[in-house]
Amino acid sequence: MLLDSRFVRLPCYDKWEDITGIHYTDKDWECFNLAANKCTPSIDLRWFQYRIIHRILPTKRFLFKIKYTDSPKCSFCNTFDETIYHIFWECSKVENIWRELKTWLGTVDVKLNFTVSQVLFGVKGKNNYALNAMVILVKKIIYICSQNGFIPTTAYIKKQIINYYNITKYVYINLGQEAYFLKLWSSLHLLLRE
């Protein structure tokens, strides 16, 4: 998809539509696929988001199927099978994280409800690069914590977001693109600066 300029509708998109109960246009899927490349210079975060969209991020349900783990249950709630959808959206422990992040963002008048589409695939609009980078980073933190067997606190996640912001700012400054960085992150500067 990203090597060729022509959009190809993949079976994973239909599967996501079945899981979420939401129909997305081909244009939506094209935007979701390109959003990670535009919002972060981090290859790691781009690859992470790609694996979510294409449903190739291994969770405990899959690892249990291939006999790599003893249980398919969620690392956080230990009640439901751990799927991509569950670990980033359905899990009660993760719901609290999104709710608290919404409140935190609200302190600088960023209105974001964190819908299932926004959490899994990205916030639409070209002025949402910083929000998309932040959402991908939060999912990456959630995933790493699930792999290491602990539930992330909102304080821990906020600290990691601020660290990411500072590192990304440093990268852009060294590339001579500080003005571009400031434009991308303009909606979140008051929240993230030290």
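The values are calculated or read from the model by the stated rules, or taken from the named source; none is laboratory data. Keep in mind that what you see is a predicted model, and the values were worked out from it rather than measured. For neighbour counting, all protein chains shown are included, and Cβ atoms are generated from backbone atoms with ideal geometry for every residue, glycine included. The protein model used for the area step is the full one, side chains on, heavy atoms only, and it has no ligands, DNA or RNA in it. Shrake-Rupley method; radii C 1.70, N 1.55, O 1.52, S 1.80 Å.
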Inset, instruction - Excluding residues on the same chain fewer than 8 positions from K159, give the lysines whose Cα lies under 26 Å from its Cα. - result: K38, K93, K102, K111, K124, K126, K139, K140, K169, K183
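For W47 and A155, what does the FRET efficiency come to when R0 = 22 Å and r is the distance between their Cβ atoms, rounded to the nearest 0.05?
Efficiency, rounded to the nearest 0.05: 0.25.
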Legend entry - Shape category assigned to region 15-124 from the gyration tensor of Cα positions, a/c cut at 1.5: oblate
Inset, instruction - With +1 on each Lys and Arg Cβ and -1 on each Asp and Glu Cβ, and nothing else charged, work out how big the dipole of region 82-194 is about its Cα centre, in Debye to the nearest 20. - result: 200
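Ranked highest first by average number of other Cβ atoms within 10 Å, how do 89-95, 182-188 line up? Don't jump to the answer; show the numbers that get you there.
Details: 89-95: 17.7, 182-188: 16.1.
Packing proxy ranking, top to bottom: 89-95, 182-188.
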Legend entry - Percent accessible area from carbon and sulfur atoms, region 1-117, protein chains only, probe 1.4 Å: 53
Legend entry - Rg in Å to one decimal, and Dmax rounded to a whole Å, for region 134-194 via C-alpha atoms: 13.2, 40
Inset, instruction - Could you check how many percent of all C-alpha pairs in the chain are farther apart than 29 Å? - result: 24
Inset, instruction - Grab the DSSP H runs of the chain that are 4 residues or longer, score each as -39,500 (n - 2.57), total them, divide by all residues and round the 222 nm result to the nearest 500 deg cm²/dmol. - result: -18000 deg cm²/dmol
Inset, instruction - Grab the Cα-Cα distance for I22 and L10, subtract it from 0.36 nm times how many residues apart they are, and report the gain in nm with one decimal. - result: 2.7 nm
Legend entry - Per residue value of the accessible surface for region 94-194 (all protein chains in place, 1.4 Å probe), Å²: 52
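Evaluate the charge dipole of the chain about its Cα centre and quote only its size in Debye, nearest 20, assuming +1 on the Cβ of each Lys and Arg and -1 on the Cβ of each Asp and Glu.
Value, rounded to 20: 200 debye.
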Legend entry - Alpha-carbon radius of gyration plus Dmax, which is the widest Cα pair, for region 91-152 in Å: 11.9, 36
